[in-house]
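To start, the structure under review is shown below, and the notes come after it.
The values are calculated or read from the model by the stated rules, or taken from the named source; none is laboratory data. Because the structure is a prediction, the values reported are computed rather than measured. Every residue, glycine among them, receives a Cβ derived from its backbone with ideal geometry; neighbour counts consider all protein chains shown.
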Amino acid sequence: MKIFPQKILFLNPPSVKPVFRDCYCSGYSKGTFCVHPLDLQIQSGFFSTEKFQVEFIDSVFENLDIEKTIKKIQSFHPDIIIALIGELFMEKDSAFFNHLKNIFPSVRLFFSGDIARFHPKKIFQDIPKTEGVLLDFASPGILEHLYGKKSPYLLTYKSHHVFHTPRMKSYQYPLPRKEFIRKYSYSLPFFHDPHYYSIGTSFGCPNTCHYCNTHLLGYTLRPIKDIIEELHLAARLGFKSLYIRAATFMADQSRTFQLFDKWKQSKLKFEWICFTRPDLLNEELVARAAATGCCLMMLGVESFDEKWLNHMSRPMPLNTIFNAFRLLKKYKIRSAAQIMVGMSYKYQNIDIYEKKLSVFLKDLDPDYVSFNIFSNRPGIEYNDPSFNQIELNEDLYKNLAIRLERHFYFHPHNIMKQMYHLKSPKKLLILINTILNLIKSKGIY
């Protein structure tokens, strides 16, 4: 067996539609947007010595089909492939990797993803020639394995029959490889400069919402000095826009203020966006976020039915939600409302629900809305009548989500909002592509 040097390929495999498979979550991307595959970005930093020659192929971003992906892989001829794999796409992903293994029988396959974390045995079952499954994408499990060491964060074919998924003790990892970061120009329409950098600040989530599996990962904060060090890297690479990749940013307020203090001392300036919860926001927190450069917060609203929110272990009075959006407007931070379509005990009739949700959103007045359809995430065993209703009428609710999306984004009030923020030709192009994607949608996506 070849020892060193070794050629390592980081691979986001092909898909017919834009998808994501990172951060232990898989699904279909909104519009034409693609985000950095954070698992692979973080893993790249563990292979920064001269012993490894590294390449990165994001077939989703490049819109590569299977044949074109195979050709790109052939041109690099890797010894090792570290790839993402998604529970929602397992049938097609496993078929692709089995085909890949037939073409490159000597290549060593390692995987990260939601199914790798929660159901790793299925990977060894469906892709029998898998060498290893990474249980923690911020760990050096694969690197240690290549050096002949055992790691609790890597399952191998021999060890996968009996295992215990470890809780992450610390969220620490080396800086990613610069050539990985520079390979593709990922863009989002929320920044003055749409070309952005992704950075991790925490792992997992401290909340226990019944529909979500993120809390099953535990909750670990990344050291502030590591975050600041990576911000310096982003600045050196020329980035002015930042996507903070945390499931619930600012969950620990005192620690967030410490981060903001160190960030201010560094004199680094970015526009940045994040995901968080309405009930975490208060005036001081929003004011300091704005002063640090926050331009958008994506808030998990999910439902306007307080009873449903309480039942989901997500107690959140509607006045708390409205107050959060008012604060963001006051400090000129744009807002995005995350909505789980159909989640209500009170309004089971879909026509009545649609009218009530439309009124709620009109009053809330977010700058953006993301309408999401419930899917049973791996690791979640909780059952609820609202989940069953969506699963039994999935196409109906997908069509509803598209109607709501069109109604919101094609409303004159929201068109004027979007036009106000057009500051560059790049942003105009992204907006045009988004509009075309909405127009092309025929009811099922």
* Asked: Among the residues of region 15-48, how many are under 29 Å from R406 (Cα atoms) and of a type in the set (S, T, Y)?
  -> 5
* Structure fact -> The condition from (1) more than 18 Å from L146 (Cα to Cα); (2) surrounded by 21 or more Cβ atoms within 10 Å (Cβ to Cβ); (3) among the hydroxyl-bearing types (S, T, Y) that S29 misses is numbered (2)
* Of everything in region 237-261 that's of a type in the set (S, T, Y) and not in a loop (DSSP other than H, G, I, E, B), which residue is farthest from the chain's Cα centre (by Cα)? -> S254
* To do: Could you list all residues from region 52-109 that are surrounded by 14 or more Cβ atoms within 10 Å (Cβ to Cβ), in contact (Cβ under 8 Å) with a residue 40 or more places away in the chain and more than 18 Å from P18 (Cα to Cα)?
  => F52, Q53, V54, E55, I73, F76, P78, D79, I80, I81, I82, F97
* Structure fact -> Of the residues in region 293-346, those that are among the charged types (D, E, K, R) and assigned to a loop (DSSP other than H, G, I, E, B) come to D305, R314, K332, K346
* To do: Inspect region 289-296 for any residue being out of contact with any Lys or Arg (no Cβ under 6 Å at 6 or more places or on another chain), in the same structural domain as S375 (by TED's automatic domain parsing) and over 23 Å from P189 (Cα atoms) and give the result as yes or no.
  => no
* Scan region 191-207 residue by residue and report those that are part of a loop (DSSP other than H, G, I, E, B), surrounded by 22 or more Cβ atoms within 10 Å (Cβ to Cβ) and in contact with a His (Cβ under 9 Å, 6 or more places away or on another chain). => Y196
* To do: Answer with yes or no whether V54 is assigned to a loop (DSSP other than H, G, I, E, B) and touching a Ser or Thr at 6+ places or on another chain (Cβ under 7 Å).
  => no
* Selection from region 74-109 of residues that are more than 30 Å from S375 (Cβ to Cβ) and not in a loop (DSSP other than H, G, I, E, B) -> Q74, S75, F76, I80, N102, I103, R108
* **Search result, residues across region 343-395 that are touching a Gly at 6+ places or on another chain (Cβ under 7 Å) and aromatic (F, W, Y)** => Y353
* Asked: Can you tell which of L188, L221 is under 27 Å from R377 (Cβ atoms) and either under 14 Å from the mean Cα position of the chain (by Cα) or outside the structural domain of K267 (by TED's automatic domain parsing) (or both)?
  -> L188
* Structure fact -> Of the candidates H232, H210, the one satisfying the condition of being in the same structural domain as Y368 (by TED's automatic domain parsing) and in a loop (DSSP other than H, G, I, E, B) is H210
